[in-house]
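See structure below.
The values are calculated or read from the model by the stated rules, or taken from the named source; none is laboratory data. Predicted, not measured: the structure shown is a model, and the values here were computed from it. Every residue, glycine among them, receives a Cβ derived from its backbone with ideal geometry; neighbour counts consider all protein chains shown. Protein only, heavy atoms only, side chains kept; ligands, DNA and RNA dropped before computing areas. Shrake-Rupley method; radii C 1.70, N 1.55, O 1.52, S 1.80 Å.
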Amino acid sequence: NLASATQDITVDSVAIRILDKSELGVGNTIQVVAYKLGAVCVGGSLLWIGEAMGHSYMWSLFSSLYVISVSLVLSLGLIPPKQREDKEENSSFLSIIRNNLGQILRVKNTSWMITFLLFYKLCERGEAVFPIYLVDKKIPLQRLAFWNGIVRSTASISGSAFSGSLLSKYRWSPKSVLVLFSSLRVFALTLQTFIISAWGKEAVNLEALDQVASSDFVLFYVSVLSLCFGNFCAGALTTAAFTAMMNLSQEAPASVRSTHYSLLATVEVLGKLAFATVAGMFIDSIGLVAMFAVFSCLAVATLPILYFMPEKSQPKRSE
């Protein structure tokens, strides 16, 4: 996990150095969509190989993919060796950290971005909790795996691609995309809150689940719609947020540009995981309906934060 996290931030740091501002929307779209496709397609394929041919073949193939990746990175030569200054060579490790942190925090709008990144994903914990609710409703796992796995992942990838299209082709600003999909996300979470309240905790009638006129049939497919729509919005928000992060990091001094982005990426992950550690305890304490009402309120509260987001004019497309 440590190596994977370091690899993620390193890839983003390379992107900051080699992409122009006009290319950030396309670059982030490729990164996010390729990452999700890899997780769904390659991950699923490796599990299939593990079941069909044994785990030794699966791990051998998995290792070979990393060998190929390392070979490609070494052959590209994207980033020349950094020429360090003598003054930095003679500085202590702590003084370098202190100096870099001071430069990072002096970059205009960094404090706002940190606040936003810590907050904007808190409500998306509902995405992970709602499928568990459907499992508790005794929805057949085969049916749930299709809708919650393949279809939901497709919706997320489509959202990322659509957001990238708005950012690069139609020249929308990251703020405009974030405001649009943060607003739409409120609808998805509010709908899920209503579904949980109306459907209750009792197990579904499996026969009624296939009857078009039954309430179980209607509520199940409305649940699927809310999940897919919520993940579409989440995918769009991720692409726009990372584009905004890269835009801001490119304003930092060249010597701390990658470190600036690394801090933002770390804060973004912290924002996603912080609420996950206590969400289960809150659900047990106040109940699922009340917890989803909290998720909906957190989604609404993101909008005032976005109101204060500084917005710059879109860069012209490079010839």
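Numerical summary
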| read-out | value |
| --- | --- |
| Region 154-232 versus region 33-62: alpha-carbon centroid distance in Å | 28 |
| With all protein chains modelled, accessible area of Glu51 [1.4 Å, Å²] | 150 |
| Highest-fluctuation residue, Thr115, Thr277, Thr29 considered, GNM on the chain with Cα pairs under 10 Å | Thr277 |
| log10 of Debye I(q)/I(0), alpha-carbon scatterers only, for region 177-224 at 0.21, 0.28 Å⁻¹ | -0.73, -1.01 |
| Angle in degrees between helix 43-53 and the longest Cα principal axis of the chain, rounded to the nearest 10 | 70 |
| Using a Förster distance of 25 Å, the FRET efficiency for Lys169-Trp112 (Cβ separation, nearest 0.05) | 0.35 |
| Label-point separation in nm, Ser71 to Val212, each point 7 Å along Cα→Cβ | 5.5 |
| Derived scalar couplings ³J(HN,Hα) [region 30-38; Karplus, 6.51 cos²θ - 1.76 cosθ + 1.60; whole Hz; x for Gly, Pro] | 4, 4, 5, 5, 5, 4, 5, 5, x |
| The chain, relative contact order [Cα under 8 Å, separation at least 6], % | 33 |
| Accessible surface, 1.4 Å probe, highest first, among residues Arg125, Arg143, Arg98 | Arg98, Arg125, Arg143 |
| For the chain, convex hull of alpha carbons as volume per residue, Å³ | 175 |
| Under 12 Å, Cβ to Cβ, from Phe295 - net charge with Lys/Arg +1 and Asp/Glu -1 | +1 |
| Spin-label model distance (nm) - Ile18 vs Trp59, 7 Å beyond Cα toward Cβ | 3.2 |
| Region 180-319: radius of gyration and largest Cα-Cα distance (Dmax), Å | 19.8, 64 |
| With every protein chain in place, the chain: carbon and sulfur % of accessible area (1.4 Å) | 66 |
| Computed [θ] at 222 nm, helices only, for the chain once each DSSP H run of length n ≥ 4 contributes -39500 (n - 2.57) | -24500 deg cm²/dmol |
| Value of relative contact order over region 159-220, rounded to a whole percent, pairs C-alpha under 8 Å and six or more apart | 16 |
| Region 119-273, relative contact order [Cα under 8 Å, separation at least 6], % | 37 |
| Val26 accessible area, assembled protein chains, probe 1.4 Å, Å² | 60 |
| Solvent exposure of the chain as accessible area per residue, Å², 1.4 Å probe | 56 |
| Heavy-atom SASA rank of Cys228, Cys123, Cys41 (probe 1.4 Å, accessible area, largest first) | Cys41, Cys228, Cys123 |
| DSSP-loop chymotrypsin sites (Phe, Trp or Tyr not before Pro) across region 213-290, with at most 10 other Cβ within 10 angstrom | none |
| Exposure rank, largest accessible area first [Leu264, Leu37; 1.4 Å] | Leu37, Leu264 |
| Sparse-neighbourhood loop sites, trypsin sites (Lys or Arg not before Pro) in region 196-283 - DSSP loop, at most 15 other Cβ within 10 angstrom | Lys201 |
| FRET efficiency, 1/(1 + (r/R0)^6) with R0 45 Å, evaluated for Ser45 and Leu105 via beta carbons | 0.55 |
